Amino acid sequence: MENILEVKGLNKTYRNFSLQDVSFSLPEGCITGFIGINGAGKTTTLRSILALTPKASGEIRIFGMDMATNEKEIKQRLGIVLDDGGFYDELSLTEMKDMVASAYKSWDENEYKKYLDRFFLNPKQRINTLSKGMRMKYALALALSHKAELLIMDEPTSGLDPLIRCQLLEILKEFMEKGGRGVFFSTHITSDLDKIADMLVMIDSGRIIFQQDKDILLDSYRIVKGDRKDFNTNIEKLFMNVNQTAFGFTAITKRVDEVRKAMPDSIMERPAIEDIMICNIKGEKKCYCN
Amino acid sequence: MLLQLVKKDFLIVKKYILLMLAVCIIFPVFLIWSAPENAGILGFVLMTVFSIFMLLQYVSLKETQYPKASTLLCALPISRKYVVLSKYIFCILIYFACCLIFGIESFLFPQLRFVKFEIPVFLFLAVSLVLGVYLPLQYKLGYEKTKLFFIVLIMASPFVFAQSLKMKYSLDESLLWQEYRVIMLAGSFIISVLVLLVSSAISIRIYKEADLS
């Protein structure tokens, strides 16, 4: 599989935050989730990829082309969905669409109308009368009506109810069915990725923590539940995130075989993406609630 | 695409455009009654200056209210150059719209016909100079920090206008003006265009490096 997006050595510094040597790649035909807590650097990375913010150093290649020298050509083939849409609320759906459509050479008006019908959106309606879910659907209609090959979305499911999130995931699956495409979406609601992602990239404090196939990643971790009497300092070294109570402990481990050997009576469960995300967060931000 | 961006600016302030249109129509007529000796020149200059800068302020206010909208525009295959140029074109179009409205009013009300050809040309120069400084500053510092500039401009405009009127009368009598009228008018127009070109180039450079968050 060819890489549809490649980020190499991306650096960007703000006063209180920096992206440090961010590198990852998205294979073609995959839905890739970009996970991390709020403030981890997801949005800054996405904006650097889209050349919305100047980077200190690094290389971004999309469809094999350098973003620095082929920005317009690349953007013709991207579908963009920003958190909350990024619309002018005073405009009607048609007025906003006219402006967006004028930017694309391959705008497909019929496709756009199909999406409006499917989402029950009235083209004469003003954007400020749309609910959050309707705004997201409208953003998708705009992003998918010009034969985009890579869909980049910043927190698309944030603040949406479960039904609309489910519909969104369905649309992404349909988008991928045509082949040769990719989806890259940032989120901190990892339950959506449990359902749909093929690949996961995690960022924390401006650094990439891992990039891995979702199923392999989930298979490499286990939640361990055991008796407190079995817990000691040697055992503790095998765990990443420990929560002790008066009766027992819960922890996450990557060293499954060693734990199984040391604590044969312990219960092991497959973790969710959220569990893996939390145990990979560095320092004081950790939450011991699993 | 550029046309759509200009259209967008008009659409996001369409409520205020209707308001300014009403002011542009009523204000000169009101002056015929309240200040008949200077109704033409006063009406034309003030309606043009207020229309351009009030509407520009409203557009900037809306852009500040919806910062993600300009982020989305720049995430699309829309050049930042066009985003900047659309603002300049927006202001120039308002200027011509004011000229047109005033022209029609002068036709209907003969009391307004004291405005000669040089007034629109010199006003265009004055507007170009102010926009030429204001827009790059706004792109650099943002709307909030440059609001004061606009307030100063509005407050100072009656004084500047009174002073300009005096200069106009002395210019009318000067030999230089009578001899080289056409050259001076052409020069003013060329300077206006050059100022706008240089200013837009500076604004584009600033906006191309802007961090859109």
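The single residue among A:Glu109, A:Glu71 that is assigned by TED's automatic domain parsing to the domain that holds A:Met136 and within 21 Å of B:Glu209 (Cα to Cα) turns out to be A:Glu71. Within segment A:165-180, not a single residue is buried (at least 17 other Cβ atoms within 10 Å of the Cβ) and among the small types (Gly, Ala, Ser).
For segment A:25-43, the set of residues classified as in a strand (DSSP E or B) and hydroxyl-bearing (Ser, Thr, Tyr) consists of A:Ser25, A:Thr32, listed by residue number.
A:Asp89 meets the conditions (1) buried (at least 21 other Cβ atoms within 10 Å of the Cβ); (2) of a type in the set (Asp, Glu); (3) within 13 Å of chain B (Cβ to nearest Cβ) in every case but one. The failed one is (1). Of the candidates B:Leu153, B:Leu137, the single residue that is more than 14 Å from chain A (Cβ to nearest Cβ), out of contact with any helix residue (DSSP H, G or I) (no Cβ under 6 Å at 6 or more places or on another chain) and in a helix (DSSP H, G or I) is B:Leu153. From the list B:Lys14, B:Lys7, B:Lys87, B:Lys68, the lone residue that is under 19 Å from B:Phe124 (Cβ atoms) and of a type in the set (D, E, K, R) is B:Lys87.
The set of residues from segment B:58-116 being within 14 Å of another protein chain (Cβ to nearest Cβ), assigned to a loop (DSSP other than H, G, I, E, B) and aliphatic (A, V, I, L, M) comprises B:Leu76, B:Ile78.
When A:Gly79, A:Gly133, A:Gly159 are checked against the criterion of being in the same structural domain as A:Arg47 (by TED's automatic domain parsing), small (Gly, Ala, Ser) and touching a Lys or Arg at 6+ places or on another chain (Cβ under 6 Å), a single residue qualifies: A:Gly159.
What about A:Ile80, is it part of a strand (DSSP E or B), free of Cβ contacts under 8 Å to residues at least 60 places away in the same chain, at negative phi and of a type in the set (Val, Ile, Thr)? Judged against the criteria, A:Ile80 is not a match.
Scan segment B:10-67 for residues that are among the hydroxyl-bearing types (Ser, Thr, Tyr), without any contact (Cβ under 8 Å) to a residue 24 or more places away in the chain and either in contact with a helix residue (DSSP H, G or I) (Cβ under 6 Å, 6 or more places away or on another chain) or surrounded by fewer than 19 Cβ atoms within 10 Å (Cβ to Cβ) (or both) and the total you get is 1.
Residues that are at pLDDT below 90, in a loop (DSSP other than H, G, I, E, B) and closer than 21 Å to B:Pro77 by Cβ are absent from segment A:161-171 altogether. When A:Lys113, A:Lys75, A:Lys55 are screened for being more than 8 Å from every other protein chain (Cβ to nearest Cβ) and under 25 Å from the mean Cα position of the chain (by Cα), only A:Lys55 passes. Among the conditions (1) within 14 Å of chain B (Cβ to nearest Cβ); (2) closer than 18 Å to B:Tyr66 by Cα; (3) at pLDDT 90 or above, A:Ala148 misses just one, which is (2). Counting the residues of segment B:69-94 that are touching a Ser or Thr at 6+ places or on another chain (Cβ under 6 Å) and over 30 Å from A:Thr43 (Cα atoms) gives 2.
The values are calculated or read from the model by the stated rules, or taken from the named source; none is laboratory data. For clarity, every value in this text was computed on a predicted model and none was experimentally measured. No Cβ is skipped: glycine too gets one built from the backbone with ideal geometry, and neighbour counts run over all protein chains shown.
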